[in-house]
Amino acid sequence: MLTVEIAERTPTTCVVVVTGALDLASAGDLLARTDQLVANGQTRLLLDVSRVTFCDSAGLGALLRARARAAEAGGQVRLREPSTAVVRLLEVSGLEWLFTR
């Protein structure tokens with residue numbers, strides 16, 4: 001089970017705490033939430049993924065799509081304290097450079 005909670009919010013920036021398994025079953029939840037935030041003008045997202053216990057390719061896809069949508073709106077997505085599961089997947093995929101920690 002994945003939970004996505006807003007920890008801090010300003011007019012353009014938002015800290016989003018992601019907890020649990022980020023996988024095929026839950027990636028859409030994260031993407032829907034980040035899409036909503038970007039649509040509301042919060043284009044600078046800091047995703048706290050320190051509590052993500054598992055992340056598969058669908059989870060990676062959600063992170064990449066959130067990053068792309070924020071960038072299209074002139075913003076960015078950064079990862080705060082990525083868990084071992086997230087770091088491992090980013091390293092294996094060669095995409096760690098896309099996310100400023």
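Values quoted throughout were computed directly from the atomic coordinates according to the rules given, and no laboratory measurement underlies them. Here the structure is a predicted model, which means the values were calculated and not measured. Cβ placement follows ideal geometry from the backbone for every residue including glycine, while neighbour counts extend to all protein chains displayed.
Couple of notes before you dig in:
- Normalised by the number of residues in segment 2-98, the mean separation of alpha-carbon contacts (under 8 Å, six or more apart) gives a relative contact order of 28 percent.
- Mean-square fluctuations from a GNM of the chain, with a 10 angstrom spring cutoff on Cα atoms, peak among Gly59, Gly74, Gly20 at Gly74.
- Distance (nanometres) between label positions extended 7 Å along Cα→Cβ at Leu24 and Ala7: 3.0 nm
- Calculated [θ] (222 nm, deg cm²/dmol) that DSSP helices of n ≥ 4 give over the chain, each run adding -39,500 (n - 2.57): -12000 deg cm²/dmol
- Footprinting exposure proxy ranking of Val92, Val52, Val38, Val15, fewest other C-beta atoms within 10 angstrom first, gives Val92, Val15, Val38, Val52.
- Expressed per residue, the C-alpha convex hull volume of the chain stands at 76 Å³.
- Of Thr43, Thr19, the sequence from fewest to most neighbouring Cβ atoms within 10 angstrom is Thr19, Thr43.
- Cβ-based exposure ranking for Ser93, Ser50, Ser26, in which fewest neighbours within 10 Å come first: Ser93, Ser50, Ser26
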